[in-house]
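Beneath this line is the structure, given in structure tokens, with notes to follow.
Here, each number is a calculation from the coordinates, and none is a lab measurement. Predicted model, so just to flag it, every value in this text is computed and none were measured. Ideal geometry is used to build each Cβ from the backbone, glycine not excepted, and the neighbour counts take in all protein chains shown.
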Amino acid sequence: MTWIDLGNPFPREEWEQYDLFQWETGQVQRLPVGSLGASPALFDVLQQRRTSRQFGPLGDAELADFFWHACRSLETWPSDLGFELEHRSAPSAGAIHPIHLVINRPGDARWWLYEPRGHLLIELPSASGLLSGLLAHSREVLDAPEATELLFLAEPGKTMSKYADGCSLIWRDTGALLGVMALAAQGLGLSFCPLGITGEPWASSLAKQRQLVGVGLALLGSASPTASR
Ligand SMILES: Cc1cc2nc3c(=O)[nH]c(=O)nc-3n(C[C@H](O)[C@H](O)[C@H](O)COP(=O)(O)O)c2cc1C
């Protein structure tokens, strides 16, 4: 067995200023506010959560609900790192939240960035070409043509600006986010399945100089009537 030692993260004595990645953007799609209807009790959701590999099509309102509860930014405040820190449903080392979500919906070649502060989707015009191989790769792992693909795209420089040897924090942030998303999907009655593939080598082609790196994928859809474990 080969265990890759990612080092022992430690806050730097002097934080480094980080310049955020500048996205090349296209259309913007505002998402509706999440529904605040009756929700199942947390402990029931914890008991019931299951990975589902059967996906029906997801409406925009359901997608918006999912992002609203699992991913949106709840509070922001200034920092000396060159970007704002945030509070969201998922914990993140240093409140840095270095994982972006880039999504592809069935029947649409475009990929969209979820913007957690504005609760909106931003089209990434160059991504459809750069990530088409990733879609095919994902379907080799789990063929789910009706599922929405969620790419976890890390911007490690955010975390590294505060922590030396911070690589493992990125992976742990990804896991924390995955757990919250799985519970949110269960609570909303949606199908959710993480994928073990990272999204590489396609994901990092979205930025020059490896400013972005793929750290996982997940599939999301409505609960299919034929869903089974
Ligand atoms: C990091 C991670 C990667 C996973 N990768 C895959 C995958 O590639 N394909 C798949 O069908 N399920 C994948 N799963 C789902 C697991 O197989 C699933 O969680 C496991 O079978 C336990 O089932 P449960 O989630 O219903 O408890 C993954 C789960 C995690 C947390």
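Structural remarks
- Given charges at Cβ of Lys, Arg, Asp, Glu: segment 58-223 dipole, positive-most of H69, V180, Y163: Y163
- Considering only P201, G129, L190, the residue lying farthest towards the positive end of the dipole of the chain is L190, judged by Cα position with unit charges set on Cβ.
- FRET E, pair A38, A109, Förster distance 30 Å, beta-carbon r, rounded to 0.05: 0.20
- Gain on full extension, evaluated as 0.36 nm per residue between D60 and Q209 minus their Cα-Cα distance, stands at 50.3 nm.
- Fraction of antiparallel bridges per DSSP, the chain only, in percent to nearest 5: 100 percent
- Projected area averaged over orientations for segment 12-79, convex hull of C-alpha atoms, nm²: 9.1 nm²
- Put in order of Cβ neighbour count within 10 Å, fewest first, the listed residues C71, C167 become C167, C71.
- Summed side-chain charge close to F55 - residues other than F55 whose Cβ falls under 13 Å, Lys, Arg +1, Asp, Glu -1: -1
- Relative exposure of M160, M181, judged by other C-beta atoms within 10 Å (fewest first): M160, M181
- Of all the options I170, I103, I197, the one that moves most in a Gaussian network model of the chain with Cα springs shorter than 10 angstrom is I197.
- Scaling against 2.2 N^0.38 Å puts the C-alpha radius of gyration of the chain at 1.00.
- Using Cβ point charges alone (K and R +1, D and E -1), the dipole size of segment 76-214 about the Cα centre works out to roughly 140 debye.
- Fluctuation leader among F55, F83, F43 - the chain, Gaussian network, Cα springs under 10 angstrom: F43
- Sequence-separation-based contact order of the chain, relative, with Cα cut under 8 Å and 6+ spacing, percent: 30 percent
- Normalised Debye scattering of segment 152-229 at q = 0.11 Å⁻¹ gives log10 I(q)/I(0) of -0.36, counting only Cα atoms as equal scatterers and leaving out solvent.
- Entry note, the chain: the mean residue ellipticity at 222 nm calculated from DSSP H runs of n ≥ 4, each adding -39500 (n - 2.57), is -7500 deg cm²/dmol after division by the residues and rounding to the nearest 500.
- Candidates A203, A184, A176, ranked by Gaussian network fluctuation over the chain, Cα under 10 Å, top entry: A176
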